[in-house]
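A.B. asks: One structure, as structure tokens, below. Some questions next.
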Amino acid sequence: MTFRQFLRVARPPTLTATVVPLFAGGAAAWTTGHFVWWCWFDMLAIAFIMQIAANMLNEYFDWRRGEDNIESLGIGGIIVTGEVKPQTVLRAALLSYAVALVLGLLLVWFRGYILLVIGLLAILGGFLYTAGPHPVSATPFGEIMVLAIMGPLEVLGTTYAASGQMTPLAWIISWPVGISVATILLANNLRDRIKDAQHGRRTIPIVFGVNGGFRVFGGMIITIVLWITGAVALGALPAPLLIVWLALPVAFVTLRQLQAPHALRKAVPIVGRLHLILGTLLTVGILWSGFLR
């Protein structure tokens, strides 16, 4: 596998999904006053490697189930074109997980075995999501699994790795972060709904229709803003996190863009941009609150 082929199967546009949980979790860790930079960088590397491994597994198992072809959108395409053998992609995915595990063991040695449990749960989630005869990705519950893994699991894991603490702040923000990541998957499923339906998949846009999928998407964005607003009103989050309201105009524009003819072909980068904006505002709000202490 060449470096260019590796980049294709790694799907760089999807890696923005990992940036937000790591930055939000890192910001939460920084507010504790016990932030350790090398631990955060190690966690960042682990998260990127594991998402790349999950993308490779997805490529391999979608090919194995006959769901991908040369015209499929959002895939690396190195298997269906015959450029790289399927077993090579599978071995690369397993090797990536092994590298992530080694990097994770360094954090386990420094912080404790709770991070090993979190890491193993993340790996198990990646396999259940994409592998086997009945992957979670083929059901309406794929977004929920992504929410759980990329939200509470990844944000709390990052906060603990970087500071040695799991704070209430990290717990509360982990849910809107997870929802934000799940919007990227929903965008992917909206784009692939026709192909997915032909292969018997039952994702949200297939079960509830395209309009239903858009309503779920809008509801997820509203939930993020209301969750943070409600937490601030209850005193569970600091007021600077209300900065996420600045993302609402972008969210409305994004929804209109997705509903334009042929726009769903670029759904993932469009929603990924919104996810990055939401995550940046959330991270800025957390850091801002830390400076005000």
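The numbers here are math on the coordinates, done by the rules we state, and not lab data. Keep in mind that what you see is a predicted model, and the values were worked out from it rather than measured. Heads up, the Cβs are rebuilt from the backbone with ideal geometry, glycines too, and the neighbour counts pull from every protein chain shown.
A.B. asks: Could you point to the label whose value was computed as Rg and Dmax of the Cα atoms in Å for the structure here, given [x] 23.0, 72; [y] 22.6, 85; [z] 18.8, 57?
C.D. replies: Matching entry in [x] 23.0, 72; [y] 22.6, 85; [z] 18.8, 57: [z].
A.B. asks: Report the net charge of residues surrounding Met56, where surrounding means a beta-carbon distance below 10 angstrom and charges are Lys +1, Arg +1, Asp -1, Glu -1.
C.D. replies: Taking every other residue near Met56 into account, the sum is +1.
A.B. asks: What does the stretch 153-249 give for Rg and for Dmax, in Å, if only its C-alpha atoms count?
C.D. replies: Considering the stretch 153-249 through its Cα atoms, Rg and Dmax are 16.4, 48 Å.
A.B. asks: May I pose another question? Quick check on the exposure proxy: order Leu226, Leu281, Leu241 from fewest to most C-beta atoms within 10 angstrom.
C.D. replies: Leu226, Leu281, Leu241
A.B. asks: Let's see if you can work this out: charge +1 on each Lys and Arg Cβ, -1 on each Asp and Glu Cβ, no other charges. What is the dipole magnitude of the chain about its Cα centre, in debye to the nearest 20?
C.D. replies: Charge dipole of the chain: 360 debye, to the nearest 20.
A.B. asks: Still on this structure, I have one more. Would you be so kind as to identify all helices of the chain, as entire DSSP H runs, whose Cα atoms reach 30 Å or more along the helix's own axis and whose mean Kyte-Doolittle hydropathy is at least 1.0?
C.D. replies: 86-111, 168-191, 204-233, 267-292
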